[in-house]
Amino acid sequence: MRNLLFVIFSSLFLISCQKKEVVVLDNEKINNAVVYANGLSIEKYATYSVVKVANPWPTTSEKYTYVLYQKGAKIPTDLEKFTAIQVPIKSIVVTSTTHIPALELLGVESTLKGFPNTSYVSSEKTRALIDQNKVREIGNNQNLNTEVLLEMQPDVLIGFGVDGEQNTYQQLQKNGLNIIYNGDWTEQNPLGRAEWIKLFGVLYGMEEKAEAIFKSIENDYLEAQQLAQKATVKPTVMCGAIYQDQWYLPQGNSWAALFIKEANGQYIWSETKGAGSLALSFETVLDKAQNADYWIGPGQFTTFEELLKSNPNYAFFKPVQTKQVYSYSSKKGKTGGVIYYELAFSRPDLVLKDVIKIMHPELMKEYELFFLEQLK
């Protein structure tokens, strides 16, 4: 009897000492991976993720929900009404050059099967795929080639829109294509824009890699921001250029204005409200910005000759006289696409470093400008 009791208690002890296996139920939420982006939410569960996209273009308050599930996952009945896509995906069509960097950063650019207006793509990696006819031309965003898309049958099409006209996407959805709207460009926080790489991370089953990439960008951005605070002067900055008799420049809550602020500079129109553009007369801009220290982003101009040929009165501005004019339009891909428009949203850390280098060169002596370039 004593031996029997010993065996029983020994067995119970061994069982209690064994490491318990943690079982995560399908419907038990693990985390929400998004921190900065206002228009994106990713709720991670054991075998599926719920992705929510809000305000993918400025004129809508509509929200879209997608369920990205692993093979064999059990999706709760209350989620069955939403678009469900099995992941990881193996093929994709994107519709904005701002989507290209996320694919390349994750190393999945070879899964890109179609793009509208392929000549706009600047990246050497994706341009090589286009030149090899591995990425098909699908028209343009206002008139996508639905026949080609239905023939291709990509796992996902990442939609991009600037207004509520979504008839083509709705037609494609009715014919079985999975559409996910991307609103990265409507984010006002630079890190919020970069954080949309996490959407592509969950599509490809690369959540950890996407998180690590974003974390590196975030750390570099915040370190640069802290470095800029060491500057002892706060130079004044003007932006924009004349187009059809109006000078268009960023409003005070815009992306461009924020970078100047983060770089410890003083944007001359920082007190204006809004995230779009102001349209002012030449005289109004001259009166307020004639003695600015720097001119960053003079439209499409890349040389002083172009600038002054367009309007000789630009010569009245101090930055033109001191040669302190910097453009993001100088660096282009081989088919003419501006690299800044494609990559800057994904790499706000490099944009911020550029602006700091221009205004506070003493703080970044070894750094070379990446996007911006001094007019020649």
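Any read-out appearing in this document is the output of simple, stated calculations on the displayed coordinates, not a laboratory observation. Predicted, not measured: the structure shown is a model, and the values here were computed from it. Positions of Cβ are generated from backbone atoms using ideal geometry, with glycine treated the same way; all protein chains shown enter the neighbour counts.
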Can you compute the helix-only [θ] at 222 nm over the chain? Use -39500 (n - 2.57) per DSSP H run of at least 4 residues, normalise by all residues, nearest 500 deg cm²/dmol. -9000 deg cm²/dmol
Of Pro319, Val355, Ala344, which is farthest along the charge dipole of the stretch 317-372 in the positive direction, counting Lys and Arg as +1 and Asp and Glu as -1 at C-beta? Pro319
Report, for the chain, the % of DSSP beta bridges that are antiparallel, rounded to 5. 55
Students often get this wrong, so check it: of Lys234/Lys365; Lys63/Lys125; Lys44/Lys332; Lys52/Lys174; Lys198/Lys365; Lys198/Lys376, which have C-alpha atoms separated by over 29 Å? Lys63/Lys125; Lys44/Lys332; Lys198/Lys365; Lys198/Lys376
Charge dipole of the chain built from unit charges on the beta carbon (Lys, Arg +1; Asp, Glu -1), centred at mean Cα; most positive-end Cα among Gly333, Gln300, Tyr69 is Tyr69
Compactness check, the stretch 137-185: C-alpha Rg relative to the 2.2 N^0.38 Å globular estimate gives 1.06
Where the eigenvalues come from the Cα gyration tensor of the chain, what are the semi-axes √(5λ) of the equivalent ellipsoid, largest first, in whole Å? 46, 28, 18
Using amide H atoms built in the peptide plane, which far-off residues or other-chain residues are under 5 Å from Gln86 H to H? Tyr69
Any DSSP H helix in the chain with Cα axial reach of 20 Å or more and mean Kyte-Doolittle score of at least -1.0? Listed by number, the hits are 2-17, 207-228
Which net charge results for the neighbourhood of Ser281, defined as the other residues with beta-carbon distances under 13 angstrom from its beta-carbon, given Lys and Arg at +1 and Asp and Glu at -1? -2
Taking the Kirkwood radius as the inverse of the mean 1/r across Cα pairs, report the Rg/Rh of the stretch 177-336. 1.04
Percent of Cα-Cα pairs per 5 Å bin, from 0 to the last occupied bin, for the stretch 172-229, please list those. 4, 17, 18, 19, 17, 10, 7, 4, 2, 1, 1
